Structures are given as C-alpha cells and as structure tokens.
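A.B. asks: I have a structure I would like to understand better, so I am pasting it below and will then ask my questions one at a time.
No value in this document is a laboratory result; all are computed from the given coordinates. Just so it is clear, the structure is predicted and the values come from calculations on it, not from any experiment. As a convention, Cβ positions derive from the backbone with ideal geometry for all residues, glycine included, and neighbour counts pool all protein chains shown.
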Amino acid sequence: MNHSLSFLSLLSTLLILTSCSDSPSKEETDDDSSEGWISLFDGESLKGWKGYNGAAFDGIWIVEDGGTLHLAGQPEGSEYVNLITEAQFADFDFRFEWKVEAGTNSGVMFRLGEGPKQPYLTGPEYQILDNAGFRTKKGLPVGPAEQSASHYAIEPATSDETKSIGEWNLGRILVQGNKVEYWLNGVKTTAYEMHSPEWKEQVANSKFSKWKDYATLERGHIGLQDHGHRVWFRHLKIKEL
C-alpha cells in the first residue's frame with residue numbers, strides 16, 4: 001500500500017469538506033442582481049423617488065460620492081420634506097442600510113398614501129433613532145416603543161441591535177399580507193399582525209387611535225422620513241412577494 005497516496009487522498013477529502021462548510025448561505029450571497037430583487041437607489045441619482053405630496057427635495061435629499069443617499073437637513077422650523085418611491089408595493093422584502101449622527105430621529109414607512117399632511121398618518125413606521133442620544137423638545141429621552149427597529153409608538157423592539165453612531169446598520173422590513181417583521185443587523189426585533197385583535201387594541205391605546213387613515217392601505221409607497229435630522233441610506237433593494 002502506498003502510504004503517501006493514502007495521506008494525500010485523505011488531505012484532499014478534508015480540504016473539500018472544509019471548503020463546503022465555509023460556503024456562504026444563499027442569503028449571504030444575495031445581491032441586487034439576484035432573481036427578483038429590484039434596486040430602489042442607483043447610487044447616482046434620485047430616479048424613482050419623489051417628494052411626499054409633491055414637495056421639492058433638491059438640495060435637501062442629496063446623492064453623495066460612494067452611492068449614499070443623504071438627508072442633509074434644513075434650518076430649524078423648515079417644513080419636513082419626506083422622500084417616497086414613485087412605485088407602490090403590497091407584499092415585499094425590503095432591505096436597506098442606514099446610519100445616523102448623534103441625536104438623529106428618522107424612519108422608514110410603507111404602504112403610504114399621499115394626501116395627509118405627514119406620511120406616517122397612513123403608513124406604519126420602522127423607527128430609526130440615536131437610542132442613547134436623542135431627546136425630545138422637552139429634553140427627554142423617548143420610550144422603548146420609539147427606539148430603533150421598533151413598531152413606532154406601538155410595540156418596542158425586542159432588543160437594541162444598533163451599532164455605534166456613524167456606523168452602518170442593516171435594516172429589513174418583511175410584509176406578507178397583514179403580517180410584518182422588522183429586522184436590524186440580522187436580528188428580528190419586531191413581529192406583528194395588522195388588524196388582528198391584539199394590534200387593534202394596541203392602536204386604540206396609542207396616538208394612532210385618532211388617525212383614521214393609519215394602516216388602511218393594502219398597497220402604497222415606501223417613504224424615508226425627514227424629522228429635521230441628518231441621516232444616510234444606501235443599498236436599498238426590494239423583492240416583491
């Protein structure tokens with residue numbers, strides 16, 4: 001028996017097994033060119049986006065070098081200019097990266113309809129926040145249901161998965177019928193079912209109880225919120241389900 005050949009054969013087998021075990025998962029290899037995924041931001045222009053209720057957004061939402069969408073901010077007291085997709089979506093898997101500066105408050109909303117003064121009057125919100133540093137006009141921190149990756153003002157995130165200020169976070173909103181999931185940096189932080197008895201009770205006990213159009217649409221725009229603070233987005237992609 002040739003022991004040298006036997007050893008080489010064994011070594012080859014081990015290398016193959018190691019290579020297979022280190023192979024990335026399908027989710028890890030997904031990119032904008034994968035089947036079904038649509039890029040919502042080309043990294044060079046704001047094609048496919050518009051201002052909510054027709055608001056002008058030039059110089060407010062800008063495209064920076066490196067393919068980043070930046071809400072540059074405005075003088076205090078200016079009208080908010082929310083950015084929404086021209087296209088509308090019903091069921092989808094939406095993934096996006098975001099980062100904030102100290103004190104930032106923003107959000108991503110979905111199934112929006114134009115008309116009401118603010119987009120959050122119709123669309124549920126995935127909150128984006130500097131959890132530690134944000135303060136209200138009264139100088140107070142917000143509660144758990146208003147922190148990042150929460151079902152804004154209704155249900156807190158199960159954990160704080162935000163990265164340090166200035167670092168990129170990976171957000172995800174998954175919507176299938178009335179079932180919704182929020183994810184942050186690979187962790188599911190919120191899951192709820194719109195129009196379920198539990199959800200209706202939550203809404204009734206929140207400020208949304210007076211908002212007659214809240215979460216009434218089965219299809220709508222995706223919106224990026226202007227809350228008067230600087231925020232950055234990149235790698236926005238969606239797959240319709």
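Residue by residue, here is whether (1) touching a strand residue (DSSP E or B) at 6+ places or on another chain (Cβ under 8 Å); (2) farther than 21 Å from residue 220 by Cα holds:
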position: 157; (1), (2): yes, yes
position: 169; (1), (2): yes, yes
position: 188; (1), (2): yes, yes
position: 193; (1), (2): yes, no
position: 205; (1), (2): no, yes
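A.B. asks: Just one of 201, 161, 218 is acidic (Asp, Glu) and touching a residue at least 40 places away in the same chain (Cβ under 8 Å); which is it?
C.D. replies: 218
A.B. asks: Also, I was wondering about something else. For segment 108-117, state whether one or more residues are over 23 Å from residue 175 (Cβ atoms) and either surrounded by 14 or more Cβ atoms within 10 Å (Cβ to Cβ) or not charged (D, E, K, R) (or both).
C.D. replies: No, that holds for no residue.
A.B. asks: Right, something else. Here is a list of conditions, (1) free of Cβ contacts under 8 Å to residues at least 24 places away in the same chain; (2) in contact with a helix residue (DSSP H, G or I) (Cβ under 6 Å, 6 or more places away or on another chain), and residue 211 meets all of them except one; can you say which number that is?
C.D. replies: With (1) free of Cβ contacts under 8 Å to residues at least 24 places away in the same chain; (2) in contact with a helix residue (DSSP H, G or I) (Cβ under 6 Å, 6 or more places away or on another chain) applied to residue 211, the lone miss is (1).
A.B. asks: Let me ask another. Please identify the pairs in which a residue from segment 80-103 that is in contact (Cβ under 8 Å) with a residue 60 or more places away in the chain and of a type in the set (S, T, N, Q) has its Cβ atom under 6 Å from the Cβ atom of a residue that is in a loop (DSSP other than H, G, I, E, B) and surrounded by fewer than 19 Cβ atoms within 10 Å (Cβ to Cβ), counting only partners at least 6 apart or on another chain.
C.D. replies: 88/219
A.B. asks: For residue 125, are the conditions met, namely being surrounded by fewer than 24 Cβ atoms within 10 Å (Cβ to Cβ), of a type outside the set (Val, Ile, Thr) and within 15 Å of the chain's Cα centre (by Cα)?
C.D. replies: So residue 125 fits the description; yes.
A.B. asks: Going by what's in this entry, would residue 184 be described as in contact with a Gly (Cβ under 9 Å, 6 or more places away or on another chain), more than 22 Å from residue 80 (Cβ to Cβ) and surrounded by fewer than 17 Cβ atoms within 10 Å (Cβ to Cβ)?
C.D. replies: no
A.B. asks: For segment 54-78, which residues satisfy the criterion of being assigned to a loop (DSSP other than H, G, I, E, B), surrounded by 10 or more Cβ atoms within 10 Å (Cβ to Cβ) and of a type in the set (A, V, I, L, M, F, W, C)?
C.D. replies: If the condition is that a residue be assigned to a loop (DSSP other than H, G, I, E, B), surrounded by 10 or more Cβ atoms within 10 Å (Cβ to Cβ) and of a type in the set (A, V, I, L, M, F, W, C), then 55, 57, 60, 72 are the ones that fit.
A.B. asks: Take the residues of segment 164-185 that are free of Cβ contacts under 8 Å to residues at least 24 places away in the same chain and part of a loop (DSSP other than H, G, I, E, B): which is farthest from residue 120 (Cα to Cα)?
C.D. replies: Going through the qualifying residues, I end up with 164.
A.B. asks: Please work out which residue is farthest from the chain's Cα centre (by Cα), limiting yourself to segment 205-239 and to residues that are assigned to a strand (DSSP E or B) and among the β-branched types (Val, Ile, Thr).
C.D. replies: 231
A.B. asks: Residue 136: free of Cβ contacts under 8 Å to residues at least 60 places away in the same chain, surrounded by fewer than 16 Cβ atoms within 10 Å (Cβ to Cβ) and of a type in the set (Val, Ile, Thr), yes or no?
C.D. replies: yes
A.B. asks: Within segment 41-53, how many residues are in contact (Cβ under 8 Å) with a residue 60 or more places away in the chain and not in a loop (DSSP other than H, G, I, E, B)?
C.D. replies: Qualifying residue count, segment 41-53: 2.
A.B. asks: Which one of 218, 161, 167, 198 is closer than 21 Å to residue 72 by Cα and acidic (Asp, Glu)?
C.D. replies: Testing whether each residue is closer than 21 Å to residue 72 by Cα and acidic (Asp, Glu) leaves just 167.
A.B. asks: Going by the structure shown, is residue 178 within 16 Å of the chain's Cα centre (by Cα), over 25 Å from residue 53 (Cα atoms) and of a type in the set (S, T, N, Q)?
C.D. replies: no
A.B. asks: Of all residues being out of contact with any helix residue (DSSP H, G or I) (no Cβ under 7 Å at 6 or more places or on another chain) and free of Cβ contacts under 8 Å to residues at least 24 places away in the same chain in segment 187-198, which is surrounded by the fewest Cβ atoms within 10 Å (Cβ to Cβ)? Just the residue, please.
C.D. replies: It comes out as 197.
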